[in-house]
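These notes concern the structure reproduced below.
Bear in mind these aren't lab numbers, they're just calculated from the coordinates by the rules spelled out. Source: prediction; values computed, not measured. Reconstructed Cβ throughout: ideal geometry from the backbone, glycine too, with neighbour counts over all protein chains shown.
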Amino acid sequence: MLFPTIDFAIFFAVVFALHWLLNPYRRAWKWFMLAASYVFYAWWDWRLVWLLALVGVLAQAGALWIERRGDERTRRRRTAVAVVALLLPLAWFKYYGFFALSLANALDGVGIPAPLPLLQVVLPVGISFYTFMAISYVVDVSRLEISPSPWLDLFVYLAFFPHLVAGPIVRGEELLPQIRRARDGRSIDVSRAAYLIFGGLFKKVVVSSFLATALVDPVFGAPGAYGALEVLFAIYGYAIVIYTDFSAYTDIAIGVALLLGFEFPANFDRPYSATSLRDFWGRWHMTLSRWLRDYLYIPLGGSRRGELRTAVNVMLTMLLGGLWHGAGWTFVAWGGLHGLGQVAGRRRTRRRLARGLPSEPTTAAEIWAARLVTFHLVCLGWVFFRADSIGSAFEVLGRLASGWGEPAPLLTPLVVVAIAGMLATQNLSRTPAERIRVAFARVGPVLQGAALALVLFGITTLGPQGVTPFIYFRF
């Protein structure tokens, strides 16, 4: 069930009404929300609902086992077993085919038959997101940061439909306390929720869909048929497509949760205004960045064991972060590029400090230069992220060197304006958007309804027929 559809609108209208009706009756509300969330997940494939329930069983059983009395060493061993158990379904559904095919290709070069059968395994929607949430729950219990929740609370936490299939990755300490208590409908910030939901709809249905169909998909589908200028703008265009697509989903998710009385953490903060790759990951998919930092990078040793070990930890974190996004060498290459960029950035920072210079750019010229370089490094990574194979990625990059001087019919004024406009909004202060939101909140409900109707009319008029799935649904 996609957010920008009539199906979801009907589903949410029913859930919204029953949610507030059952709000005072905590146990009944929890059972209802669990059932509604399972219906939401089953809309794609009802046969995989059992997997979501299985992850919940493994997470809760692991947390209760870890909580039993024992020394720290025993608790760590049990945590490792619980985490491996949670990773096994993810490994099977998402990575079995990738590793089996990679191993078969490697052994075929030396004349050894494939040791594993090559199977087509269906990838369940959202499995990476709710698996990471389950792991964070287990590890937080192990670290004594939270206590195991009741079974029903844990199942609602993992299945809560606004975040279920594409995040944000909400930790137990953030969501479980909200599940336990009743909500006050009078405190709901309806204007903020509407602003997020309608803004997300505009980004997904209008901006992302338009640039994908008008420029990005044709060029990445057959890069050899297009000139260098079209390829360059297609790369820029994909940077906008994936940002507007994914941030749109999380904006709508946060807005929907707000209408139900829940607060989700922010997931984006103008990522294309970053002045370094490290800064980029503090702004892009922030809930995943926090997860990788707290449950992978720091346990590996973080930056506490010298420069070489820090570089290794950064590379491992980004390589595994890339692999989390998809079972393919293109995602590994994407993660590796970001890892190398961050290692180089750390080295540059150390050299600046050794020379008595500020660690970060300070003047306007330095800041804009850093933003420009960082954006193009990010775009280089997006080429591998979007490409079907490593060879296709290099074909795209090759056209940048060999296709100049050719006509560029896909570069219409509207395409250029859409790309330039979205990049401009990334590099402006938050003030204009915040002023619009505040002004919207201050007007009466009649004017708010009229404004939302006008925006919805514009979205339905400018948007294409039908809505494609969000990009991050396949992760």
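The table that follows gives values for the structure above.
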| read-out | value |
| --- | --- |
| Value of Rg/Rh across segment 18-182 [Cα atoms, Kirkwood radius] | 1.07 |
| Within straight-line cross-link reach of K204, aspartates and glutamates at Cα separation under 13 Å, skipping those fewer than 8 residues along the same chain | D245, D251 |
| Alpha-carbon centroids, segment 248-269 and segment 289-310: separation in whole Å | 28 Å |
| Rg to Rh, two decimals, where segment 190-462 supplies the alpha carbon set and Rh follows Kirkwood | 0.99 |
| P(r), alpha carbons of segment 153-244 - 5 Å bins starting at zero, rounded % | 3, 11, 14, 14, 14, 11, 10, 8, 7, 4, 2, 1 |
| Span from the segment 162-235 Cα centroid across to the segment 335-349 one, whole angstrom | 27 Å |
| DSSP-assigned coil residues among trypsin sites (Lys or Arg not before Pro) in segment 154-210, each with at most 12 further Cβ atoms within 10 Å | R181 |
| Of P223, I6, V141, farthest towards positive along the dipole that unit charges on Lys, Arg, Asp, Glu beta carbons give the chain | V141 |
| Net dipole in debye of the chain [+1 Lys, Arg Cβ; -1 Asp, Glu Cβ; about Cα centre; nearest 20] | 1600 debye |
| Cα-based reach from K30 at 12 Å (exclusive), listing aspartates and glutamates while leaving out same-chain residues under 8 positions away | D153 |
| Normalised convex hull volume, the chain, alpha-carbon set, Å³ per residue | 185 Å³ |
| Gap separating the Cα centres of segment 1-37 and segment 409-471, nearest whole Å | 27 Å |
| Given charges at Cβ of Lys, Arg, Asp, Glu: the chain dipole, positive-most of L258, G306, V39 | G306 |
| Percentage relative contact order, the chain, counting C-alpha pairs under 8 Å, at least six apart | 19 percent |
| Only Lys, Arg (+1) and Asp, Glu (-1) charged, at Cβ; segment 147-230 dipole about Cα centre in debye | 320 debye |
| Scattering curve values for segment 203-276, log₁₀ I(q)/I(0), Debye with Cα scatterers, q = 0.13 Å⁻¹ | -0.49 |
| Length added when fully stretched, R26-L308, from 0.36 nm per residue minus Cα-Cα | 96.3 nm |
